[in-house]
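Asks: Questions regarding the structure given below will be posed in turn.
The values are calculated or read from the model by the stated rules, or taken from the named source; none is laboratory data. Only a predicted model underlies this, so the values are computations on that prediction, with no experimental measurement involved. Cβ: placed from backbone, ideal geometry, glycine included. Neighbour counts: every protein chain shown. The area values use the complete protein model at the heavy-atom level, side chains included, leaving out ligands, DNA and RNA. Shrake-Rupley method; radii C 1.70, N 1.55, O 1.52, S 1.80 Å.
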Amino acid sequence: MTAAGFSEPAKKHLGQHFLHDQRMIGRIVDAVNPRPGEALVEIGPGQGAITFPLLRRHGELTVIEFDRDLIAPLTAAAEGVGTLRILHRDVLSVDFTALAGGLASDGGNRIRLVGNLPYNLSSPILFHALDHAAAITDMTFMLQKEVVDRMAAGPGSKVYGRLGVMLQAFCNVVPLFTVPPGAFRPPPKVDSAVVRLVP
């Protein structure tokens with residue numbers, strides 16, 4: 001097990017790039033800043049780089065993981081850390097509204113979403129989350145920086161388009177900070193960025 005979680009080779013066909021930079025992990029967890037009673041859901045925990053720091057701070061976490069080879073290592077690594085619920089599903093098939101109803105203990109029936117979104121699925125995941133915006137308090141995601149730039153672009157910007165228009169119609173989009181390629185294993189060819197969306 002590594003400081004980030006555990007070590008499994010990344011699968012190129014799933015667009016996997018595993019975060020390992022401890023300073024960046026700390027910044028992401030601080031940005032999420034989980035509070036007691038909140039229902040946290042992580043999309044694509046991978047090797048647990050964000051999962052286990054969140055779990056240590058919050059005590060319980062639900063994760064959605066498609067790669068079956070990561071289920072057993074995640075389960076084993078969570079022992080003694082906190083309560084980790086693992087949904088082995090394609091995130092696009094998950095009903096976030098139903099999930100929120102089953103998890104939220106504060107009576108608000110809302111969840112907070114977190115995740116390092118796979119580059120090839122980021123837009124479909126964002127639009128899927130928008131379909132359930134009423135059940136989501138906020139979303140803190142890491143994506144390609146160019147995608148975050150498009151998400152936050154205003155009219156007149158060279159990158160203003162459908163993605164920004166759709167997201168900004170339903171959410172407040174706040175870019176937080178950039179994450180360099182060297183923070184990942186294997187390093188992607190582009191910068192990443194962390195963004196917060198508040199429906």
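Asks: Summing -39500 (n - 2.57) over the DSSP H runs of n ≥ 4 in the chain and dividing by its residue number, what mean residue ellipticity at 222 nm do you reach, to the nearest 500 deg cm²/dmol?
Replies: Values: 7 runs with 61 residues, N = 199.
Taking each H run of at least 4 residues, the total per residue is -8500 deg cm²/dmol.
Asks: Where the eigenvalues come from the Cα gyration tensor of region 16-198, what are the semi-axes √(5λ) of the equivalent ellipsoid, largest first, in whole Å?
Replies: In descending order the semi-axes read 25, 20, 15 Å.
Asks: Something else about it: For Arg89, what is the net charge nearby, where nearby means another residue's Cβ is under 14 Å from its Cβ and Lys, Arg count +1, Asp, Glu -1? Intermediate values should be presented prior to the final figure.
Replies: Working: positive: Arg68, Arg85; negative: Glu42, Glu65, Asp67, Asp90, Asp95.
Net charge in that neighbourhood comes out at -3.
Asks: Also: Could you please report the charge total around Lys158, scoring K, R as +1 and D, E as -1 over all other residues with beta-carbon less than 14 angstrom from its beta-carbon?
Replies: Once positives and negatives cancel, what remains is -1.
Asks: To continue, here is another question. Scattering from the C-alpha atoms of region 57-163 alone, worked out with Debye: what is log10 I(q)/I(0) at q = 0.11, 0.23 1/Å?
Replies: Values returned for q = 0.11, 0.23 Å⁻¹ are -0.42, -1.37.
Asks: Report the label-to-label distance for Tyr160 and Arg89 in nanometres (one decimal), using points 7 Å from each Cα along the Cα→Cβ vector.
Replies: About 3.7 nm, to one decimal.
Asks: Right, another one. Taking all protein chains as present, what is the carbon and sulfur share of the accessible area of the chain, in % to the nearest whole number, probe 1.4 Å?
Replies: Carbon-and-sulfur percentage of accessible area, whole number: 53.
Asks: Oh, and also: Mind checking the full-extension length gain between Thr97 and Ala133? Use 0.36 nm per residue of separation minus the Cα-Cα distance, one decimal, nm.
Replies: Length difference between fully extended and current span is 12.1 nm.
Asks: How much area per residue is accessible in region 16-198 when the probe is 1.4 Å and only protein heavy atoms are counted (Å²)?
Replies: I get 44 Å² per residue for this part.
Asks: Follow-up question, since we're still on this one. Which percent, nearest 5, of DSSP beta bridges in the chain are antiparallel?
Replies: 45
Asks: Moving on to the next point. Sticking with the crude label model, points 7 Å out along Cα→Cβ, report the distance from Glu60 to Arg35 in nm, one decimal please.
Replies: 1.8
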